[in-house]
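Report on the following structure.
Please treat every number below as a calculation from the coordinates, not as lab data. Just so it is clear, the structure is predicted and the values come from calculations on it, not from any experiment. Counting neighbours? That spans all protein chains shown, and the Cβs are built from the backbone with ideal geometry, glycine included.
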Amino acid sequence: DVKVTQSSRYLVKRTGEKVFLECVQDMDHENMFWYRQDPGLGLRLIYFSYDVKMKEKGDIPEGYSVSREKKERFSLILESASTNQTSMYLCASSPGTGGKYEQYFGPGTRLTVT
Amino acid sequence: SQKIEQNSEALNIQEGKTATLTCNYTNYSPAYLQWYRQDPGRGPVFLLLIRENEKEKRKERLKVTFDTTLKQSLFHITASQPADSATYLCALESNDYKLSFGAGTTVTVRA
């Protein structure tokens, strides 16, 4: 079974702090994704990566950056956390890009920025 | 602009009945459409994928239809059980090969 793990289930940070969210997958998938999920808005793609050191902006990349130094690990970085980044963050991996590949999600990190 | 709309209201149904969820989309031409289940505080879990040339797909008590003319997918849970209570998300391929998700429909099955 594919397993996607995220470093924290719950995180509380202060405004202006640098925040690291880590995601690890164990199925040798090429593609990894970071989403945020807010009530009524669904999942919105922040960034995705289709290979080591490769990344592409999603729909809402502002205020975020990512790092993929190893195939199994994809990190999301909030350079200077703000209250409007309080959200549920979900990492996913997939063996390919596009609609014919299912995505495997981690349990999520609920981030609160105060 | 591209838009995915799911039932705007939560669905409350009696155990044993069929739940029908709707996913409508505009300005997409997806070759594939997916459905996921999400329990509170957890990540979504993949349920079914249907291709544009498939009218219907079944998996146990789940049935999905895909009408590219109407730009709509229907998701049915037959003989529903309280354990089916969750939020169900539809997802489809956007123009740049990424998955776009709907906001989801929350289903509550009463015993």
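Just going by the charge dipole of the protein assembly as shown, with Lys and Arg at +1 and Asp and Glu at -1 on Cβ, which of B:Gln14, A:Met88, B:Val45 is farthest out on the positive end?
The listed residue farthest towards the positive side: B:Gln14.
What is the sum of charges, Lys and Arg at +1 and Asp and Glu at -1, for the other residues whose Cβ falls under 10 Å from the Cβ of B:Gly41?
+2
Could you give the distance between the Cα centres of segment B:26-100 and segment A:58-114, to the whole Å?
22 Å
Most exposed first by the Cβ proxy, i.e. fewest other Cβ within 10 Å, how do B:Lys57, B:Lys3 rank?
B:Lys3, B:Lys57
How big is chain A on each of its three principal axes, counting only the C-alpha atoms and giving the largest first in Å?
Principal-axis extents of the Cα atoms in chain A, largest first: 37, 31, 24 Å.
Using the Cα centre of segment A:1-56 as origin and beta-carbon charges of +1 (Lys, Arg) and -1 (Asp, Glu), tell me which of A:Thr15, A:Met27, A:Tyr47 is placed farthest towards the positive end of the dipole.
Among A:Thr15, A:Met27, A:Tyr47, the one farthest towards the positive end of the dipole of segment A:1-56 is A:Thr15.
At a Cα cut-off below 13 Å, give the aspartates and glutamates reachable from A:Lys53, other chains included and same-chain residues fewer than 8 away excluded.
By straight Cα distance, A:Lys53 reaches A:Glu30, A:Glu69, A:Glu72.
Which residues among segment B:17-58 fall inside the zone where the amide N is under 15 Å from a point 7 Å beyond the Cα of B:Ala10, along Cα→Cβ?
Answer for segment B:17-58: B:38-41.
Where does the protein assembly as shown land on Rg(C-alpha)/(2.2 N^0.38 Å)?
For the protein assembly as shown, the normalised Cα radius of gyration comes out at 1.02.
Can you give the FRET efficiency to the nearest 0.05 for A:Lys18 and B:Ser1, using r as the Cβ-Cβ distance and R₀ = 30 Å?
Given R0 = 30 Å and the Cβ-Cβ separation, E is 0.35.
Count the net charge of all other residues whose Cβ sits under 11 Å from the Cβ of B:Ala86, scoring Lys and Arg as +1 and Asp and Glu as -1.
Cβ neighbours under 11 Å give a net charge of 0.
If r is the Cβ-Cβ distance from B:Asp67 to B:Tyr97 and R0 is 25 Å, what FRET efficiency results, to the nearest 0.05?
0.65
For B:Ala31, enumerate residues with amide H under 5 Å from its amide H, sequence gap 5+ or separate chain, H modeled in the peptide plane.
Result for B:Ala31 returns B:Glu93.
Count, for each residue of B:22-35, the Cβ atoms from other chains sitting within 10 Å of its Cβ, then give me the mean as a whole number.
Mean inter-chain Cβ contacts per residue within 10 Å come to 1.
Nothing charged except the Cβ atoms of Lys and Arg (+1) and of Asp and Glu (-1): what's the magnitude of the dipole of the protein assembly as shown about its Cα centre? Round to the nearest 20 debye.
Approximately 260 debye in magnitude.
What average count of beta carbons from other chains do you get within 10 Å of the Cβ of residues in B:89-96?
3
How charged is the neighbourhood of A:Thr5? Take every other residue with its Cβ under 9 Å from the Cβ of A:Thr5, and add Lys/Arg as +1 and Asp/Glu as -1.
Charge balance in the 9 Å sphere: -1.
Where a Cα-Cα gap under 29 Å defines reach, which lysines qualify for B:Lys57, not counting those fewer than 8 residues away within the same chain?
Partners found: A:Lys3, A:Lys100, B:Lys3, B:Lys17, B:Lys71, B:Lys98.
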